[in-house]
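Read through the structure below, which is laid out as structure tokens, and then see the notes.
The values are calculated or read from the model by the stated rules, or taken from the named source; none is laboratory data. Values in this document were obtained by computation on a predicted structure and should not be read as measured data. Counting neighbours? That spans all protein chains shown, and the Cβs are built from the backbone with ideal geometry, glycine included. Calculation scope for accessible area: heavy atoms of the full protein, side chains included, ligands and nucleic acids excluded. Shrake-Rupley method; radii C 1.70, N 1.55, O 1.52, S 1.80 Å.
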Amino acid sequence: VKSADFHESGGFLDYPGVMAEDVEFSIRLALKKNKLWRLDEQLKGRHLKKYSLQGLFKTNFSRVRGIAKALQKKDYQRLYLQSCGSYFVRLTFLSITTWGLLVLSAFWDFFILGALASFLLFILAQLKFLKYLKDKKDWHFALLSIFFSFFEMSLAAVGAFFWQMMYKFKKQWAH
């Protein structure tokens, strides 16, 4: 993103306790410029974040809150789904389906096969990412990352549901 475009679009907005300012900014810029950008797959970077289970809960809750806040606007919803949302919706759906089928398997053994199939689909949906991780590090790291992303998507789904309900109730209470 050119510096002039960044500043002209208002840069990152600061919502206290909310993350995903990069997502919100990208959507706002794309709407202003009326175009989507596609990242060059050869682009390399390093995320300087240390992951922990506690950090995962805190970060996901804040990130999903930020995305839910941005997606209150209809034009943001359309663009988010058009650019990357459908990928995350699929992964989130598969993670929640897997958990649901695991719960049902406590009552009917047959559902454990459905849970395994759903989890396998979750992994297959990320084959490109899995290969990338394996090439960069090793299979152990790649598989741990996929399991971690499974839990991350599950938490994101719970957080998204919570924040959507909070924003919906907030609108109803305001009237």
Subject >> Index of the failed condition, V103 passing every other in (1) in contact with a Phe, Trp or Tyr (Cβ under 9 Å, 6 or more places away or on another chain); (2) more than 26 Å from S26 (Cα to Cα); (3) surrounded by 14 or more Cβ atoms within 10 Å (Cβ to Cβ); (4) without any contact (Cβ under 8 Å) to a residue 24 or more places away in the chain >> reply: (3)
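This table checks each residue for (1) open to solvent by less than 70 Å² (accessible area, probe 1.4 Å); (2) within 23 Å of E21 (Cα to Cα); (3) part of a helix (DSSP H, G or I).
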position: S62; (1), (2), (3): yes, yes, yes
position: T98; (1), (2), (3): yes, no, yes
position: I146; (1), (2), (3): yes, no, yes
position: A156; (1), (2), (3): yes, yes, yes
position: F161; (1), (2), (3): no, yes, yes
Subject >> Residue match in the stretch 89-97 (condition: without any contact (Cβ under 8 Å) to a residue 12 or more places away in the chain and within 22 Å of F25 (Cα to Cα)) >> reply: yes
Subject >> Condition met for Y80 (open to solvent by 70 Å² or more (accessible area, probe 1.4 Å), within 19 Å of A157 (Cβ to Cβ), at pLDDT below 75 and not aliphatic (A, V, I, L, M)) >> reply: no
**OP:** State yes or no: is L102 closer than 30 Å to R78 by Cα, part of a helix (DSSP H, G or I) and among the hydrophobic types (A, V, I, L, M, F, W, C)?
**Re:** no
